[in-house]
1. Please give the net charge around residue 294, taking every other residue with its beta carbon less than 13 angstrom from that of residue 294, where Lys and Arg add +1 and Asp and Glu add -1.
2. So what J values fall out for the range 160-172 if you push phi through Karplus, 6.51 cos²θ - 1.76 cosθ + 1.60 with θ = phi - 60°, rounded to Hz, Gly and Pro as x?
3. Quote the FRET efficiency, to the nearest 0.05, computed for residue 369 versus residue 16 with a Förster distance R0 of 35 Å and r equal to the Cβ-Cβ distance.
4. Can you tell me how much longer the chain between residue 160 and residue 213 gets when fully stretched, taken as 0.36 nm per residue apart minus their C-alpha distance, in nm with one decimal?
5. Determine the gain in length on full extension of the stretch residue 203-residue 376; use 0.36 nm per residue of separation and subtract their C-alpha separation, reporting nm with one decimal.
6. Based on the Cα coordinates of the range 181-290, what is the per residue volume of their convex hull in Å³?
7. Within the chain, which is the longest segment that contains none of the chymotrypsin sites (Phe, Trp or Tyr not before Pro) sitting in a DSSP loop with at most 14 other Cβ atoms within 10 Å?
8. Which of the lysines could a cross-linker span from residue 346 if the Cα-Cα distance has to be under 24 Å and same-chain partners fewer than 8 positions apart are dropped?
Amino acid sequence: MKKIRIIGNYITQFGELWDRSLESLFEEATFGALNSVLGSKFAKKMVRHEYGTLLPKSRFLPTEIEAVFVANMAGGSFANQEHLNAVVAQMLPHRPPAFRVEAACASGSIALELAELALQSGKYKTVLVVGAEKMTDVSAQTTTKILSGASEYQKEYGSTFPALYALLAQAHMQAFGTSREQLSVVASQNHTHAVSNTKAQFQKEIPAEVVSKSAVIAEPLRLLDCSPVSDGASAVILTTKKSKVFMHKPVIEAVGHAQDTINLAERESLLELLATKLAAQQAYQTAGITPQDIVYAEVHDCFTIAQILATEDLGFFKKGDGGSAIEKGDTTIGGKVIINPSGGLKACGHPVGATGVKQVAFLAELLQSQQLTQKKDKVYALAHNVGGSGATAVVHIVSQTKYMEQS
């Protein structure tokens, strides 16, 4: 297998970005990722007007991007803009081939996976993956209807995602005694993590008792159990090229991808997301590691119960112990594994097409910033992205070697 490195990454501000368009978010993420490779604030100018005249130290030309993978769930519904692969490709003067990918909230991770498969095949050596969503220009009612397209419309007609995840929460609480307080701790902990993330939609702490007292949305889930409606974009540049300049960059060690039924009624169990378990097993096997090797994990906490399920299905804790583990502090700094250091979907925000790419982009930046402070020579991080109520699950494992590799 070829070694795939993350040589560039960028995340826009997440939030209610009233003055931004979908295209402007794609553009910022695209050129932000280029800037992170080029080491210059003028990548956009150089790409468009001084083609090929870049700083020699970068040893990278934007023309090396041979293909673009664009992640977006519902640009046509939210912004009346389809054909997004063409929208993004035209931002680069050499107009590389571009592909638009949709898989509900897992769109970003599927776009990454397809990019990685293209790199492994040898078709391309360097690609850009960019995801974005502009969700706040329509009413809350319209947003709810658009997002419901990620469920099985005919069989789950009228169901909202808070209602579907409330069913999962009720089943988990009944089977394992998971408490309302444990759900609140999930939200509170993620908001605490987001305080240090300048790109987060909510960069502030929220006490668990405030979460517990927020308005009921679908029993037992309350308003502050739910990830917000968000605008934002993220991008990574991936390469298989061997260059001493990039030998210190994070590596994508593995990806796992699995599916389950799109509707809950046909699931064998409501106590787990089977697709997550299967995707995680694939990723761990490919990387040759176990859950205990993971130091950081960005998991899909669209609702607080989703994070509890994820910590169990990813193998960090035994089934039924996810709530108590979070309550004991096992998922924060000083615990067994640091879950959602970005703040997760809950506090960082969830512009659905961008989320899967953002998870990997954030971990790449985090691993690089932490490489000299880690005691381990090689540190592993995990990104877990879910589409719908668990119909699609993708798990990425990213690594950072402490010292520069020699080959």
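1. -1
2. Taking θ as phi minus 60°, the curve returns 9, 5, x, 5, 5, 6, 5, 4, 5, 5, 4, 5, 5 Hz for the range 160-172.
3. 0.80
4. So the chain would gain 16.9 nm between residue 160 and residue 213.
5. Length difference between fully extended and current span is 59.3 nm.
6. It is 190 Å³ per residue.
7. By the stated rule (loop sites, at most 14 other Cβ atoms within 10 Å), 158-402.
8. The reachable lysines, counting only those whose Cα sits under 24 Å from residue 346, are 134, 145, 199, 204, 213, 277, 318, 319, 328, 336, 358.
The numbers here are math on the coordinates, done by the rules we state, and not lab data. Worth saying up front: this structure is predicted, and the values here are computed from it rather than measured. Neighbour counts are summed over all protein chains in view; Cβ atoms, including those assigned to glycine, are modelled from backbone coordinates with ideal geometry.
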